[in-house]
Structures are given as C-alpha cells and as structure tokens.
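Below is one structure, written out as structure tokens, with a few remarks after it.
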Amino acid sequence: MQVDVPTIELVDLPGIQLYPADLYDQTTELVNSYLQEENTLVLCVVDATIPSLDSSIAVKMVRDSAKLPSTILALTKADLIKDEESIVEHIFERVLNRSKEIAELPSLAGCVAVVNRLHQDKVSLVEAEAAEEAVFDELFEDPAEAYAPKTVQQQLRQNTTSAQLIAKLDHLFSAHIKQSWMPSVLQSIQDTMTKITNKIGDLGPSPDAVDPAKLLEVLTSKVCTYVCMHVLKHLSYTTSTYICIMFYVAQL
C-alpha cells in the first residue's frame, strides 16, 4: 500500500426506495449527503432498458446537485436488450452522446454500457470480462449503416464493457485530483502557514534578529525598573533614591 498518494473510498449506496414513504426519505437523504460532499465522484448506475433517463430518480438527483461533471453514467443490463431498434436507442445513441436525454446532461463526465453480473454467477472475473466483450462484439457485428464506420465503431467500443468503465473512472479520479483536490489542499496548507506565521509574529521579533548589546540594555533597564519599583520600596526614601541613581548611572 502506498502512503504518499491520495486514496479513494468506494461507497455502495442503496437504491432509492419509493415505498414506504419513510424509507424513500431515508435513502434520498443518505444519497444527498454524499452528493453534497466536495470530493465525491459519482458512478450512477441506471438500467439500460429504461425508456427514458428522465424517469430515473438517480439521474435527477445528480443533476439537481450539480454533480454531472463528476459523474459517470453506467448503463447496466445492456445484454438484455435484443431488438435492433432498442439497441440503437438505448445503447448506441446514449453512449455516443447523440440522444436527446444525454444532451440534456451536457456536462456529464461519461456514459458507458455494461453487462450485468449476477451474484450467483460462478465464472471468474477474467471469464466474465471475456463474456462481456463477446456480448458487445455480437451487437457490433451487423450494425445499422450509421454505426458502421470505423470511427463510430471505435467510439462505441470506448464506451462499452466494464474495462472501459474502470478506465473512465480512473481518468475522472486523476482529473479530480489535479484540478480540484490538489489546488484545494495546497491552498489550505498555504492558509495554515500564513496563520502560523502571523501567530509567530505576534510573539515579537526573533531573538536572532535582536542586537545583543541592545538586548542587554533593555534587560538591564527592566531589572533596574523592577528593583526600584518593588524591592526598594521597603527602604528609606533617601537610601532607595540613592540606589536608583546608582543603577541609572551604571547604565550610562
């Protein structure tokens, strides 16, 4: 484990529960508490089969919290979409940023389609990754004319599979560190240094900056004043006056 680099904490939040009402309030409050954090990056998971992203509560919450630039949309269950029209509308158009609903999320950091992996799946992650690639290869085998050009095919492959999703998350994390987290931390350090410097200044000049002869003169004066004001008050007026005069003469 490296200790000299920023760490990332992954939090798997529960889905928004519509019923009962108190559970809806609890889940939305929990999600909003994370969305309000300055350093929160969002992986918003939405069912790819959903007719319209506008009906997604998760997407609405991200948009309302102004977190779109820090959010990647993951369209899961892409393997359940079979007919060509739905594949084009729910996968191709969305990941290529051509659909109207994605256009209404202008600053979204990315949109990636993935295949669902169930808890009861017994295959390894390597096998699951290969199976996922096979699903999308099949989708891209006989695309409509608009999606046949090589450049378009490349864009589609850059926005599908879990491997591409991980790559985009890594890029988003790195960009956040450079553009937001690092400047914020450096400014905080600078502010703290300024406060400490001001407190040190309130303590007076540094001993190294004081002339020894001047320092001795000030200390002698302070001692003489203390003796005259506190010690000699118990002596007779004539004696104390004489001693104070002698102290004064000694300083000259």
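The values are calculated or read from the model by the stated rules, or taken from the named source; none is laboratory data. Here the structure is a predicted model, which means the values were calculated and not measured. When we count neighbours, we look across all protein chains shown, and the Cβ atoms used for this are built from the backbone with ideal geometry, even at glycine.
Looking only at the stretch 159-186, count every residue that is surrounded by 15 or more Cβ atoms within 10 Å (Cβ to Cβ) and touching a strand residue (DSSP E or B) at 6+ places or on another chain (Cβ under 9 Å) and tell me the total.
9
Conditions tested, residue by residue: (1) surrounded by 11 or more Cβ atoms within 10 Å (Cβ to Cβ); (2) modelled with pLDDT under 90; (3) of a type in the set (Ser, Thr, Tyr).
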| position | (1), (2), (3) |
| --- | --- |
| 156 | yes, no, no |
| 193 | no, no, no |
| 202 | no, yes, no |
| 205 | no, yes, no |
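In this structure, does residue 88 turn out to be surrounded by 13 or more Cβ atoms within 10 Å (Cβ to Cβ), among the aliphatic types (A, V, I, L, M), out of contact with any His (no Cβ under 8 Å at 6 or more places or on another chain) and not in a helix (DSSP H, G or I)?
So residue 88 does not fit the description; no.
Could you say whether any residue in the stretch 163-185 is in the same structural domain as residue 48 (by TED's automatic domain parsing), more than 20 Å from the chain's Cα centre (by Cα) and either over 26 Å from residue 95 (Cα atoms) or not β-branched (Val, Ile, Thr) (or both)?
The answer is yes, given that some residue of the stretch 163-185 is in the same structural domain as residue 48 (by TED's automatic domain parsing), more than 20 Å from the chain's Cα centre (by Cα) and either over 26 Å from residue 95 (Cα atoms) or not β-branched (Val, Ile, Thr) (or both).
Taking the stretch 61-81 only, how many residues are part of a helix (DSSP H, G or I) and within 15 Å of residue 111 (Cα to Cα)?
Let us first name the residues in the stretch 61-81 that are part of a helix (DSSP H, G or I), namely 61-64, 68-70, 78-80.
Still in the list and also within 15 Å of residue 111 (Cα to Cα): 62-63, 68-70, 78.
Final tally of qualifying residues: 6.
Can you tell me how many residues within the stretch 21-47 are of a type in the set (A, V, I, L, M, F, W, C), outside any strand (DSSP E or B), under 19 Å from residue 7 (Cα atoms) and without any contact (Cβ under 8 Å) to a residue 60 or more places away in the chain?
So the count comes out to 1.
If you go through the stretch 102-127, how many residues are part of a loop (DSSP other than H, G, I, E, B), surrounded by 11 or more Cβ atoms within 10 Å (Cβ to Cβ) and small (Gly, Ala, Ser)?
Adding up the residues that qualify gives 2.
If I ask for residues that are hydroxyl-bearing (Ser, Thr, Tyr) and more than 13 Å from residue 41 (Cα to Cα), which ones from the stretch 53-88 would you list? Talk me through it step by step, then tell me what you get.
In the first step, residues of the stretch 53-88 are kept if they are hydroxyl-bearing (Ser, Thr, Tyr); the result is 55-56, 65, 70-71, 76, 86.
Answer for the stretch 53-88, where residues must be hydroxyl-bearing (Ser, Thr, Tyr) and more than 13 Å from residue 41 (Cα to Cα): 55, 56, 76, 86.
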